[in-house]
Every structure is written in structure tokens, then in C-alpha cells.
Amino acid sequence: MKVIVIQGLKSGVGVSFVAANVAYRLSMTNVRVLVVNARSSHYPLESYFNLPSDLTDGWMSSSEVSLLDSRYRYNDLLDILPSGLEGSENDGQRRVRTLIAQARREYDFCVVDAGVIDSDWAKAYADSADLTIDVMEPEAGCLMRLVHRNRFSDNEYLMFNKVWPMSRTHSDVSTLIRRHQAFADRLITHSVPYDEYALQSSLYKQPITQTMLFTQSAEQLNHLTTWIKLQLLT
């Protein structure tokens, strides 16, 4: 099983949006996928799959005998695992190792919505990740956080989400990052535009790669998913 950890340089950059769409698109390529909410806030990821907003059961608080008991089946090849109410932070590393070991018996890919970079749960998943994607917006807040990151793991990459093609600020920040070799070498070429269709997918509570394949957002997410599979399987 390949573990894909998706995390944000800051909150609000669309980590759950990217994770939900990558997981769904992977499931459409005839592989078994588990997508995991690995943040203490229990609804951002689940909202894209129309799960109940008042979920309290999840892998963070369930018995370690089977952390997968609280998963939901979305289609024949895709399961969603809510976080539930967070348990003790002290057992985070052990709980993550147990979850990964249990998931390996059933899945080909595990997509992890890890929330903000360097959070406790994101750190807990770091050692298990076969691929880590740092999601960012082309704006000043993310740029400052990126500048202060002094190292990347060998399997860690950067991607732009919520790009406004007509924004001069987005264009300037994107150009600046691409001119910095240390960042450019890590930058995934597929960036996701922030358009009306991406907003609508939140209202419809479905991945945009399921409902609006004709959109530029879905097209870029499909390309991203293909890139991920090539990175992991070649």
C-alpha cells in the first residue's frame, strides 16, 4: 500500500478538497483506496462525501483492535475514515502505525488529509508517507511560510491550489517561487484554479472529479492524480 500525505502550508488552502478529489479519482483507476481524516476537526474531509456533520466516531478515539471499524463505504473501491473525537495525543505515533498496518491488508492507496503542516498528526504520519504534497496558495502568507522551511524530505513536493489566473498577485508570487531553484525543483506543474465549479462542489458535497469532469479544476486534479501514480508506481 502506498501512503499519500496531503498537508497545507497554512489553514484554508484546500487540503481536504485536494485529498477528497485525489482519493476519488484514484478509486476510478481500479485500485482500492482509503482516505483518512487526520485532523482533530471532524468535518472538512467528510463534507465532500456528504457524511453526517455530527459524526463522533472515528479512528482517533476508537479501540485500537480495529481502527477501521468507523469507515464509510463511498463506492466499491473507496472508503472514508473519519477522525471522530480525538483521543490522547501521547499515543498518536502508535495509533498511526496501527492504522497503517491494518489498512495495508485491504487497500492499494491510503490518502491522508493531514491538515496544517507540522501539526501533531501530520508529524505522526511523516514516517509512513511514500509521498507528501504540501498544498499552498500563491499569496504572501504561504510564501512566507515556504521561505522559512529550510528542508524537504526526498518524497515531498509543493503544489498550488486556489489559483486565480487573472490575479496579478498570484502571478507574481508564482513567478517568484518558480525562480527559486530549491522550490522550483519541488513544484508540481499541475496547479488547480479556484473557480465557480470548485465552490459548487462544496455545495453539492461531492468531489469535483466526480460531478464536473468538464471543468478546468477537475482536469488539473485528474492530471495531479496521474502524476501521483507515476511517482509511486514507476
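The values are calculated or read from the model by the stated rules, or taken from the named source; none is laboratory data. Keep in mind the model is a prediction, meaning the values are calculated, not measured. Accessible surface is based on the protein model in full, side chains and every heavy atom, while ligands, DNA and RNA are left aside. Shrake-Rupley method; radii C 1.70, N 1.55, O 1.52, S 1.80 Å.
Using modelled backbone amide H atoms (1.01 Å from N, in-plane), which distant-in-sequence or interchain residues come within less than 5 Å of Lys2's amide H?
The answer is Phe109, Cys110.
What is the angle, in °, between the Cα long axis of helix 15-27 and the longest principal axis of the Cα atoms in the chain? Nearest 10 is fine, range 0 to 90.
Long axis of 15-27 versus the principal axis of the chain: about 70 degrees.
Give me the Å³ per residue figure for the convex hull around the C-alpha atoms of the range 31-79.
83 Å³
List the residues, sorted by chain then number, that are 5 or more residues from Ser11 or on another chain and whose placed amide H is less than 5 Å from its amide H.
none
For the Cα atoms of the chain, what angle does the longest principal axis make with the long axis of helix 168-179, in degrees from 0 to 90, nearest 10?
Around 80 degrees separate the two axes.
What's the angle, to the nearest 10 degrees (0 to 90), between helix 92-104's Cα axis and the longest principal axis of the chain?
80 degrees
Excluding residues fewer than 8 places away in the same chain, name every one of the aspartates and glutamates whose C-alpha is closer than 19 Å to that of Lys162.
Filter leaves Asp113, Asp134, Glu137, Glu139, Asp172, Asp195, Glu196, Glu219.
Whole-Hz ³J(HN,Hα) for each residue in the range 105-121, computed from phi via Karplus 6.51 cos²θ - 1.76 cosθ + 1.60 with θ = phi - 60°, x for glycine and proline: what do you get?
Per residue, the Karplus-derived 3J(HN,Hα) values read 6, 10, 10, 8, 9, 10, 9, 10, 7, 8, x, 7, 4, 6, 5, 4, 6 Hz.
Keeping every protein chain present and rolling a 1.4 Å probe, give me the accessible area per residue for the range 1-50 in Å².
Roughly 28 Å² per residue, with all protein chains present.
Going from most exposed to least, what order do Leu158, Leu176 have by accessible area with a 1.4 Å probe?
Leu176, Leu158
Once neighbouring chains are kept in place and the probe is 1.4 Å, which whole percent of the accessible area of the chain is contributed by carbon and sulfur?
48 percent
Which percentage, to the nearest 5, of the DSSP beta bridges contained in the chain is antiparallel?
Bridges in the chain are about 10 percent antiparallel.
Using only the alpha carbons of the chain, determine the length spanned along each of the three principal axes and report them from longest to shortest in whole angstroms.
Result, largest extent first: 51, 38, 36 Å.
Per-residue HN-Hα couplings for the range 60-66, Karplus 6.51 cos²θ - 1.76 cosθ + 1.60 at θ = phi - 60°, whole Hz, x for Gly and Pro?
5, 10, 7, 5, 6, 4, 8
Short version: ³J(HN,Hα) in whole Hz for each residue of the range 70-82, in order, from phi by Karplus 6.51 cos²θ - 1.76 cosθ + 1.60 (θ = phi - 60°), x for Gly and Pro, what are they?
In residue order, the calculated couplings are 9, 6, 10, 8, 9, 9, 4, 10, 10, 10, 10, 10, x Hz.
Pull up the cross-link candidates among the lysines for Lys2, meaning alpha carbon to alpha carbon under 21 Å and not fewer than 8 places away within one chain.
Straight-distance partners of Lys2: Lys123, Lys229.
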